[in-house]
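Undergrad: Provided herewith is a single structure, encoded as structure tokens, for subsequent inquiry.
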Amino acid sequence: MGRTFDGGYAQYTCVPSAQVIPFRSDLPWVVLGAVPEMLQTAHGSLTIGLDAKPGQSILIRGGTSSVGMATAVLAKQHGMTVLSTTRTPGKAEALTRLGVDHILIDDGEVATQVRRFFPDGV
């Protein structure tokens, strides 16, 4: 939707029946509607945008956002080293639980922090 078939943001649309997959969920519609967009943004950034490869490193700014967290999970599954930022030290534990390798508290000097781990950058 929105890439191969128009209508991804339409209130109503027609798509081939092969594109429709019935399922049940207890998630509210506002959450359910956001999940595909969040995952497509993260996946598309890693694959189409970056052509990410196992063994590479990635810096995720805004790491505790939904897209940042999804990107961290997908990047780890792809075999990447993940550096992720947050402005709130109390949110660092959430990034640890996701498997982020290096958590950076964004104090305005993120580049300096990154170069401690990767002198040539990510």
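The values are calculated or read from the model by the stated rules, or taken from the named source; none is laboratory data. Keep in mind the model is a prediction, meaning the values are calculated, not measured. Accessible surface is based on the protein model in full, side chains and every heavy atom, while ligands, DNA and RNA are left aside. Shrake-Rupley method; radii C 1.70, N 1.55, O 1.52, S 1.80 Å.
Undergrad: Just tell me, in residue order, which DSSP H segments of the chain are both 18 angstrom or longer along the helix axis (alpha-carbon based) and at least 0.0 in mean Kyte-Doolittle hydropathy.
TA: What comes out of the filter, once short or polar helices are dropped, is 29-44.
Undergrad: Hey, another quick one. Please build a GNM for the chain, connecting alpha carbons under 10 Å apart, and tell me which residue among Val31, Val110, Val73 fluctuates the most.
TA: Val31
Undergrad: Calculated from DSSP H runs of 4 or more alone, at -39500 (n - 2.57) each and per residue, what is the 222 nm mean residue ellipticity of the chain, nearest 500?
TA: Calculated at 222 nm, the ellipticity per residue is -10500 deg cm²/dmol.
Undergrad: Looking at region 44-122, I'd like the Rg to Rh ratio, where Rg is from alpha-carbon atoms and Rh is Kirkwood's inverse mean 1/r.
TA: Across region 44-122, the Cα-based Rg/Rh ratio is 0.94.
Undergrad: Accessible area per residue, 1.4 Å probe, Å², for the chain: what's the number?
TA: Per residue, the chain has 69 Å² of solvent-accessible surface.
Undergrad: Related question: For region 1-58, just run the numbers: alpha carbon Rg, then divide by 2.2 N^0.38 Å, N being how many residues it has.
TA: 1.43
Undergrad: Counting only protein heavy atoms, what percent of the accessible surface of the chain is carbon or sulfur at a 1.4 Å probe?
TA: 57
Undergrad: Using 0.36 nm per residue of separation minus the Cα-Cα distance, give me the extension gain between Trp29 and Arg116 in nm, one decimal.
TA: Roughly 27.0 nm would be gained on extension.
Undergrad: ³J(HN,Hα) across region 83-91 via Karplus (A = 6.51, B = -1.76, C = 1.60, θ = phi - 60°), whole Hz, x for Gly/Pro?
TA: So the Karplus estimates, Gly and Pro as x, are 10, 9, 9, 8, 8, 10, x, x, 8 Hz.
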